[in-house]
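Quick notes on the structure that follows.
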Amino acid sequence: MSHKKYIATPSRTKDILSKYHFKFKKSLGQNFLIDVNILENIIHHAGIDQASGVIEIGPGIGALTEQLAIHADKVLAFEIDQRLLPVLKDTLSDYDNVQIIHQDILEANVSEAIQTHFKADQPVHVVANLPYYITTPILMKLLHDNLPVDSLTVMIQKEVAQRMAAEPNSKSYGSLTIAVQYYTEAHVAMTVPKTAFMPQPNVDSSILKLVKRAEPPVQVDDEEAFFALVRASFAQRRKTLRNNLTTYYKDTYDKETISSLLEKADIDGTRRGESLSMAEFANLANVFTRQ
Ligand code: SAM
């Protein structure tokens, strides 16, 4: 076989797009990767090897899928855009370890798909260049579904990656940080320039790696109540914790009760939400739940 260029190059991508008269749909977050070095970095950070099963979200024309097919045992990719199915069939025809599922990832039963398509004891990883318009809903769905995966390595908007991997007392720290870090250990692996994409997005991107935790790092009596309290604590970032909680619980507790519950949890009500660790939020939520 003559040497063929990878899909993730500007010239091959342009050829594929013109062959199929493909027009990008902005509403589907279609920004395709055209830099093989970036893809190799993603695969390296994801810890993919020949034993790995991979779930990909949004294969596009197959830039990342191709590299995953080369480095992993099997790739299962969910793509919402029907127009891409014949394209993928063509661009990935050399790889027999890729399966494309035409489905909205938000509607998919990914756990069932993992059981059906991968070996029972196979390490499975999620790897994706996510559509930016639904990054958070996709990640929160995959985390809530408690998928049997080891890690999730995703290209997302830089600012959102920073929020997911943030430390307390930083501008980026918020309820999204807690929601993500309750399920995973999160870190930003690298930032990626706009020039790696076609078309170029308006925002910078980062590769975020999330490693699933075996157990949550804190014990909470009621997860829903815990996440609700965390969200309430950040409702108005400049307000004190006591004021945010008083507003949120106004139909349930008066100001004095809120103050006494904060005292019981040993937390100064004049602090701001961004100064509380996850352990402090868990303790506070448990005091409220047990009230
Ligand atoms: N993986 C390709 C790459 O890196 O070049 C394309 C990435 S592009 C940022 C996002 C892809 O996700 C597009 O192919 C888009 O059609 C697809 N997509 C958008 N929303 C989706 C959804 N809800 N479920 C599955 N795929 C979706």
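Couple of notes before you dig in:
- Candidates SER18, SER27, filtered to the one that is more than 24 Å from VAL188 (Cα to Cα), within 11 Å of the ligand (Cβ to nearest atom), surrounded by fewer than 18 Cβ atoms within 10 Å (Cβ to Cβ) and at pLDDT 95 or above: SER27
- Residues that are of a type outside the set (S, T, N, Q) and in contact with a helix residue (DSSP H, G or I) (Cβ under 6 Å, 6 or more places away or on another chain), drawn from segment 151-167: ILE156, VAL160, ARG163, MET164, ALA166
- Looking only at segment 133-187, and only at residues there that are over 11 Å from the mean Cα position of the chain (by Cα) and basic (Lys, Arg), the one that is surrounded by the fewest Cβ atoms within 10 Å (Cβ to Cβ): LYS171
- Candidates in segment 248-275 are the residues that are surrounded by 17 or more Cβ atoms within 10 Å (Cβ to Cβ) and among the β-branched types (Val, Ile, Thr); of these, the one that is nearest to the chain's Cα centre (by Cα) is ILE267.
- Residue identified as out of contact with any helix residue (DSSP H, G or I) (no Cβ under 7 Å at 6 or more places or on another chain), within 26 Å of PRO193 (Cβ to Cβ) and crowded, with 17+ Cβ neighbours inside 10 Å among THR91, THR65: THR65
- Just so you know, in segment 30-57 the residues that are among the acidic types (Asp, Glu) and away from the ligand (no atom under 12 Å from the Cβ) include one that is farthest from PRO86 (Cα to Cα), and it is ASP49.
- Checking each residue in segment 126-161 for being of a type in the set (Phe, Trp, Tyr) and more than 10 Å from the ligand (Cβ to nearest atom) picks out no residue at all.
- For segment 219-245, the set of residues classified as surrounded by fewer than 16 Cβ atoms within 10 Å (Cβ to Cβ) and of a type in the set (A, V, I, L, M, F, W, C) consists of ALA225, ALA235, listed by residue number.
- Residues satisfying the stated conditions in segment 83-108, i.e. within 23 Å of PRO137 (Cα to Cα) and in a helix (DSSP H, G or I): LEU84, ILE105, LEU106, GLU107
- One residue alone among ILE80, ILE43 is under 22 Å from ILE138 (Cβ atoms) and buried (at least 21 other Cβ atoms within 10 Å of the Cβ), and that residue is ILE43.
- Among the residues examined, ILE48 does not qualify as within 27 Å of MET190 (Cβ to Cβ), in contact with a His (Cβ under 6 Å, 6 or more places away or on another chain), assigned to a helix (DSSP H, G or I) and not small (Gly, Ala, Ser).
- Index of the failed condition, PHE78 passing every other in (1) of a type in the set (Phe, Trp, Tyr); (2) more than 30 Å from PRO199 (Cβ to Cβ); (3) under 17 Å from the mean Cα position of the chain (by Cα): (2)
The values are calculated or read from the model by the stated rules, or taken from the named source; none is laboratory data. As the structure is a prediction and not an experimental result, all values here were calculated from the model. Methodologically, a virtual Cβ is constructed for each residue, glycine included, from the backbone with ideal geometry; neighbour enumeration extends over all protein chains shown.
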